[in-house]
1. Over the stretch 146-208, what number does the Rg to Rh ratio reach, with both radii from the alpha-carbon atoms and Rh per Kirkwood?
2. Enumerate the lysines that LYS18 could reach by cross-link, defined here as Cα to Cα under 16 Å, with residues fewer than 8 away along the same chain left out.
3. How many lysine pairs are close in the stretch 55-296, with Cα atoms under 28 Å apart and the two 8 or more places apart or on different chains?
4. Arranged from highest to lowest average of other beta-carbon atoms within 10 Å per residue, in what order do the peptides 179-187, 92-100 appear?
5. Given R₀ = 51 Å, FRET efficiency for GLN30-VAL289 by Cβ-Cβ distance, to 0.05?
6. Taking the chain as a Gaussian network, where each spring joins two C-alpha atoms under 10 Å apart, which residue of GLY88, GLY249, GLY71 fluctuates the most?
7. So if each residue of separation counts as 0.36 nm, and I subtract the Cα-Cα distance between LYS255 and HIS153, what length gain in nm does that give?
8. Rounded to the nearest 0.05, what FRET efficiency do GLU122 and ASP228 have when you use their Cβ-Cβ distance and R0 = 35 Å?
Amino acid sequence: MSKKQDNNSTETLVDPRKAYYTDDFPRQRQEAPGVEEKMTPKPDAGERSYRGSGRLRGRKALITGGDSGIGRAVAIAYAREGADVAIGYLPSEQQDADTLRTLLEEEKRRIELLPGDIRDEEVSRESVRRAAEKLGGLDILVLNAGMQQAVKHIEDLTTEQLRRTFETNVYPMFWMVQEALPCLRPGASIITTSSIEAFEPSPILLDYAATKSAIAGFTRALAKQLADKGIRVNSVAPGPVWTALQVTGGQPPEKIPEFGQSTPLGRAGQPAELASVYVFLASEESSFVSAQVIGVTGGRLTY
């Protein structure tokens, strides 16, 4: 029997320890930013399992890092909930973006592709402008793009990597929110992706953990600033989730086989397991939720 639970099962309860892949991951390595299609096993972004119910009907969303991993799962969920979606991604990730576009267009869902490196301020701002233009507005901004490279010792952390990590993970959030605000009406939602690393940092992810702490602070401060505009701001903090980040240097190669097994639930998460939280935070169901960081961590604590 497969180690991966069939999410279409008619059983009432699913054991969370066995809900998704539980075997050791094959040892593997790709150059960053990586292509999800080449991973073994391929991450589960809910392509076959997510079922929408119109919770975001008529909404218009921009998702950074939307081609693969968590961003891909969010794009699939939003589209199936009735939203029009634009995704940002690096040009080198075109293969993953194309497979996502094919999937959603076959389902008669609208998706716009916006390739570009958002470390560049003008690219960040232009991505927002193009998304609003192509979708006819903007209601949801998901700031999810990220870079993660493991380094064992601070002495080996280069200024180039330090700059690149902050320029990818933190700076675009400021530029994109600034550009999006004129489009966002009361009821709009901004959602960031922070991490368990903001609360329980790994010694080999020093720069990454620092950016994720910054994102948590950014989220809470921005939520207070935008409350009087009727715009909610929240964050999702993933734990160890099987994405291309892990096989492109986010984890040392020797740690890949047992990735995620140290969580209380004993396995890594899959991107599909986060999608419903992003849907909740974008929907009217979370109308009294703002300035929160919601952990999806397999049992690790985010406070």
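FYI, it's all coordinate maths here, none of it is from the lab. Please read all numbers here as calculations on a predicted model, not as lab measurements. Here the Cβ positions follow ideal geometry from the backbone for every residue, glycine too, while neighbour counts run over all protein chains shown.
1. Values: Rg = 14.9 Å, Rh = 13.6 Å.
Result: Rg/Rh = 1.10.
2. LYS3, LYS4
3. 12
4. Details: 179-187: 15.8, 92-100: 18.8.
Averaged packing, sorted descending, gives the order 92-100, 179-187.
5. Details: r = 36 Å, r/R0 = 0.71.
E between GLN30 and VAL289, to the nearest 0.05, is 0.90.
6. Its mean-square fluctuation being the largest, the pick is GLY249.
7. On the way: separation 102, 0.36 × 102 = 36.72 nm, distance 1.65 nm.
Here the segment from LYS255 to HIS153 would lengthen by 35.1 nm.
8. Numbers: r = 30 Å, r/R0 = 0.84.
FRET efficiency, GLU122 to ASP228: 0.75.
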